[in-house]
Amino acid sequence: MTEEATAPRPSKRPVAHQPLAGIRVAEFCSTAAGPFCAMLLADMGAEVLKIEPPEGDGLRQWPPISQGFSENFASLNRGKQSVVLNLKDPESAALARRLVLDCDVLVENNRPGVMQRLGLGFEQLREDHPDLVYCSISAFGQVGPRASEAGFDLTIQAAAGVMSVTGETDGAPVKCGVPIADFTSGLYGAYAIAAALSVVRAGGGGAHIDVPMFGCTLAVAALQTSEYFGTGRHPQRLGSAHPRNAPYRAFEAADGYFALAAGNQQLWLKVVAAVDMPELLDDTRFRSTTDRAANQEALKALLETRLRQQPVAHWLEVFRVAGVPHSPINNYEQALEDPQVQAMDWVQPLTLPNGVQTQTFGSPLRINGQGAAVRSGPPALGEHTQEAVRRYGTQTQPA
């Protein structure tokens with residue numbers, strides 16, 4: 001398939017300055033955390049060479065499948081090149097090494113020890129490439145008693161405490177619907193790589209970045225860990241409620257639910273006025289934010305006696321006028337149709353390698369008022385192998 005056939009339709013989005021233009025990245029990753037990390041670098045202008053086994057990244061098999069191509073894979077691999085190498089073959093491993101030595105960054109999300117066995121570990125490359133920024137994403141990190149263990153988003157959420165605070169108070173543990181362990185780790189990885197590249201530019205040399213999904217997921221739970229450190233008590237599941245603020249949760253109206261977040265005293269006063277319930281101001285259970293949080297089930301019951309009298313749309317308008325943060329409980333169709341999404345041009349056209357026209361949610365960032373347009377769609381498996389062979393070796397595509 002020609003480059004013209006696989007290129008996305010031109011975007012109307014103004015193209016931002018690409019801070020990582022000229023940076024070459026070798027990606028040895030599969031599924032989510034590593035590919036997301038490398039895609040963030042591609043969004044910022046880096047050239048990403050995705051090294052795949054002959055069967056390809058397993059994410060290529062995940063539905064939805066559009067005429068043979070995975071839209072899930074497309075969502076995490078835009079802007080990359082695909083190079084198929086059987087790294088168990090010595091000649092292919094040697095080619096991969098030459099490719100890496102021509103890169104600025106290596107990202108991998110294998111179990112600790114795998115890259116070393118393939119001759120592609122950090123220490124094995126460091127002597128020949130002292131400026132290499134090498135990022136390893138794994139379940140528990142490169143060292144420690146659990147370093148050799150595997151993990152997926154679900155098990156990391158469970159291990160890191162997320163499932164203990166997610167779900168209704170009396171319900172079973174629930175995982176976050178968005179795979180936060182995977183994507184948080186990818187964000188940490190991209191952030192650390194960008195920081196390490198600034199050190200390289202300043203003459204400080206490369207680095208090995210250890211990104212443990214377990215640690216990253218604990219790190220973003222700062223409010224929960226600090227609650228435990230400060231009180232010795234375990235944070236609890238509260239559904240949509242907040243342990244320290246109220247009213248700050250989903251409320252039921254006549255025809256459904258909406259979210260309301262009165263996170264301070266001034267907003268609380270606006271809520272009372274908006275629902276026309278001045279008697280709440282005289283109730284000692286609700287005088288301060290702390291009081292309201294401690295008695296939020298009683299507060300919810302009282303507020304919903306009023307809120308259930310009108311539909312969601314009515315209350316959204318009431319709280320809009322009052323200046324209280326609020327939102328409908330959107331599904332993804334509704335979220336993607338939000339006028340702000342359209343105004344920011346976040347949904348971008350994407351052409352799959354089979355020619356299917358689809359869409360993707362691009363980078364949400366703007367630099368100097370300009371967004372990062374999608375530069376190219378996801379690659380077909382092995383689409384750029386022969387180019388890599390011509391550049392880094394003389395062999396044909398390995399079996």
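The values are calculated or read from the model by the stated rules, or taken from the named source; none is laboratory data. What you see is a predicted model, and the numbers here were worked out from it, not measured in a lab. A quick note on method: Cβ atoms are made from the backbone with ideal geometry, for glycine too, and the neighbour counts reach across all protein chains shown. What goes into the accessible areas is simple: the full protein's heavy atoms, side chains included, and nothing from ligands, DNA or RNA. Shrake-Rupley method; radii C 1.70, N 1.55, O 1.52, S 1.80 Å.
Some observations on this one:
- At a probe radius of 1.4 angstrom, the accessible area of the chain per residue rounds to 50 square angstrom.
- Where N is the number of residues in region 193-290, Cα Rg divided by 2.2 N^0.38 Å: 1.72
- Amide N proximity, region 159-196 versus R244 label position 7 Å along Cα-to-Cβ, cut-off under 20 Å: 161-167
- The Rg/Rh ratio for region 216-372, using Cα coordinates for both the radius of gyration and the Kirkwood hydrodynamic radius, is 1.08.
- Computed log₁₀ I(q)/I(0) - Debye formula, equal Cα scatterers, no solvent, region 278-344, q 0.14 Å⁻¹: -0.61
- Principal axis box of the chain, alpha-carbon based, largest edge first, Å: 82, 49, 40
- Antiparallel DSSP beta bridges within the chain, percent to nearest 5: 40 percent
- Heavy atoms of L281 accessible to a 1.4 Å probe, total area in Å² rounded to 10: 80 Å²
- Only Lys, Arg (+1) and Asp, Glu (-1) charged, at Cβ; the chain dipole about Cα centre in debye: 440 debye
- Amide H contacts under 5 Å for S66, placed H, 5+ residues apart: E71
- Region 208-232 versus region 117-187: alpha-carbon centroid distance in Å: 13 Å
- Amide H contacts of G141 (H built 1.01 Å from N, under 5 Å, at least 5 apart or other chain): M213
- Stokes-Einstein D (µm²/s) once Rh is taken as the Kirkwood radius of region 12-143 over alpha-carbon pairs, at 4 °C in 1.567 mPa s: 84 µm²/s
- Normalising by residue count, region 146-237 has a Cα convex hull of 117 Å³ per residue.
- Other residues with beta-carbon under 13 Å from the beta-carbon of D170 carry, at +1 per Lys or Arg and -1 per Asp or Glu, a net charge of -1.
- Over all other residues within a Cβ to Cβ distance under 11 Å of R237, the charged ones net out to -2, with Lys and Arg as +1 and Asp and Glu as -1.
- Separation of the S148 and K88 label points, Cα + 7 Å toward Cβ, nm: 2.0 nm
- The lysines whose alpha-carbon is closer than 21 Å to the alpha-carbon of K175, local same-chain residues fewer than 8 away aside, do not include any residue.
- Assigned charges on the beta-carbon of Lys, Arg, Asp, Glu; region 65-197 dipole about Cα centre (debye): 160 debye
- Accessible-area composition of region 221-368, carbon plus sulfur, in percent [1.4 Å probe]: 53 percent
- Gain on full stretching of the segment that runs from T358 to T225 - 0.36 nm per residue minus C-alpha separation: 43.8 nm
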